[in-house]
Structures are given as structure tokens and as C-alpha cells.
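The structure under discussion appears below in the form of C-alpha cells.
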Amino acid sequence: MNPEKEKWVLLIVLSIIWGSSFILIKKSLEHFNPYEVGALRVLIAGILLLPFALSNIKKFPKKNLKWLVLAAITGNFIPMFLFPIAETKVSSSIAGIVNSMMPIFVIIVGFLFWKFSTTKRQLVGVAISFSGACILALSGGEGGELKLIPIVLLLIATLGYAISMTTVKSKLSDIPAKILSAFVFSFVLIVPSLIALVVAGFFNDFNADKGFFIGLGFVSLLSIFGTGLAMMLNYRLLNISTPLFASTVTLLMPVVAVIWGILDGETLTPMQFVGAFIILAGLIFLRAKTAKIEKPQDPEVVRFK
């Protein structure tokens, strides 16, 4: 598959996987506390990827270790805890919608730290899609009430994703996606996730009853698909596209999150339909002329310096 088609296939697949993560977090929280959900999500992914990481240990990027740790902590550790904590106060749909801020954070982080460039068309496309996400948020089934602390936690998590994504593109893009995912979860995050489980009281309160295994099933799905597999696909997407394009996955995720919310008993308002269509319209607009990202001589390119 040529890169142009592949990046759109990856975008759609990631939207479905990550858009489904919020409902899996919600279901996991029925059986575990938010700290256990975050730690188990990271630990299971790390254990599954450990054999692959060990078999490629000679390729471990020691010279770029600091960038690997930065990408792992900001994109694969801290957000795994912040999202469950926030979802104890807000719905899974709202969590997915707030996460759509990521393209905005990518632009900001790219401008401040990595001197990224982008086109006016891309900026307009992101703005259109984000306006759709705002409509979704304001029309959500929570009476228009937005709770400040969980929203701030979600924004911090989304900023972390943006930092990780731009770091991977700038400093770690020469590492194959599968190997990078294995290194991140196995060599960097297994020990911190184990410590988090101990601190959260997981082993003290351990009770292998029916509820435990149901919860473990939800967390395992979240870890295998929403963490391990999704990060491999995301790193591949970063290899063949730009951080801004890759971050637009978060503009489609709210649509998936809202659909899961409906299936779980939530209601969908007419304005949520409008918001979803605006998000899609922005992505269609964004799709055109992305090749100009590497042509600073083009008058349509805005270079952040």
C-alpha cells in the first residue's frame, strides 16, 4: 500500500480503536480504581511486548534514551492515569471530545520546541474539526455542565500525547514502530507500572472473584488493542505522515466515543449529529495539499520559527 493510502487507513483504524478506549476505561472503573486501571493498562502491554523487546535489545537507542523516556512518560504513562481519574467525574464521551484538542497542542508544541511547519489549509481544517468537537461537548448529555478539575486533567493528558508525538517524530522516527512500542512499554514502563500498582493497593485488596476477572477482561482489551497495538499503528503513522496529521485521529475519536455511549444507554442529541458532521468536514478539508508540509518555499506554508 502506498503511504498516502496507508496513512488514511491507519487514521481510521486508530480512530476506532482509541475511540473505543473511553468506554473500556469506563467499564474497567466499575471493577478497579483509576490508578489500578492505568497501571494494569501499561503493565499488560509491557509484559506482552517484553519478548519482542528482548529479541531486539541490541537496537535499543541508548544515544536517544532521554527522548525515549520523555515520549514514554508523557504519552504512555501519565495519560493512562489521568484519563481514568477524570472519567470518575465525567462521561466517556466527554473524555473523547476533550481529547480532540490534541492537534491544537501539536501545533503549539511544534511551534515552541521543534520548529515544525504546517499549511494554512491544515490549520483551517483543524479549526473546523475542533469547532465540531466543541459542539459535541456543549451538547453532551450532562446538562451543559463541565467540571473544571477533570477537564483540566484531560487537557494535561492530551498535552502529554502531543509532546510524545512530536518527540517521536523529531527524535525517534528512525526506530521501527513495532520495536519502538516494545522499548517504550517493556524497558521504560514495566517497573513504574508495577510500583503504581503497589501504591494503589492492588495487591493488598486482591480478590480473584467474578468481578475481578470481568474487570481484568476490560483492562486487557484496553491494554492489548487501545495501548499496545494502537501505539504501534500510531508510531507507523508518524513515520509516514506529520505529527499534525497523525493527531487528527483525535478529531474522529469523539464520534466513535459518542456511538459507544449510545450503545451503553446514553442519548444523542441533534446537535451532537451536527458536531460529528463538522468534525468529518474538517478532516476532509485537511486532507488536501498535505504534501506541502515539506515545501517551505510555497507561499501557503506557514513556518513556525
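The values are calculated or read from the model by the stated rules, or taken from the named source; none is laboratory data. If you're wondering where the values come from, they're calculated on a predicted model, not measured in any experiment. When we count neighbours, we look across all protein chains shown, and the Cβ atoms used for this are built from the backbone with ideal geometry, even at glycine. These accessible areas exclude ligands, DNA and RNA; they are computed on the full protein's heavy atoms, side chains included. Shrake-Rupley method; radii C 1.70, N 1.55, O 1.52, S 1.80 Å.
Structure notes:
- Extreme residue, most open to solvent (accessible area, probe 1.4 Å), among residues of the stretch 60-112 that are closer than 24 Å to Ala133 by Cα and among the aromatic types (Phe, Trp, Tyr): Phe111
- Top-ranked residue of the stretch 163-185 - restricted to ones that are surrounded by fewer than 24 Cβ atoms within 10 Å (Cβ to Cβ) and aliphatic (A, V, I, L, M), ranked as nearest to Phe105 (Cα to Cα): Ile163
- For Asp209, the test of being without any contact (Cβ under 8 Å) to a residue 60 or more places away in the chain, more than 26 Å from Leu159 (Cβ to Cβ) and open to solvent by 20 Å² or more (accessible area, probe 1.4 Å) is passed.
- Scope the stretch 1-33; condition open to solvent by less than 30 Å² (accessible area, probe 1.4 Å), within 13 Å of Leu216 (Cα to Cα) and either acidic (Asp, Glu) or in a helix (DSSP H, G or I) (or both); matching residues: Ile25, Ser28
- Residue check, Lys89 charged (D, E, K, R) and more than 26 Å from Gly265 (Cβ to Cβ): no
- Residue match in the stretch 235-243 (condition: part of a helix (DSSP H, G or I), more than 21 Å from Ala72 (Cβ to Cβ) and touching a Pro at 6+ places or on another chain (Cβ under 6 Å)): yes
- Residues in the stretch 93-109 that are hydrophobic (A, V, I, L, M, F, W, C) and either in contact with a Pro (Cβ under 6 Å, 6 or more places away or on another chain) or not in a helix (DSSP H, G or I) (or both): Ile97, Val106.
- Of all the listed residues (Thr290, Thr248, Thr267), the sole one being out of contact with any Ser or Thr (no Cβ under 6 Å at 6 or more places or on another chain), more than 23 Å from Asn33 (Cα to Cα), buried (at least 23 other Cβ atoms within 10 Å of the Cβ) and modelled with pLDDT under 85 is Thr248.
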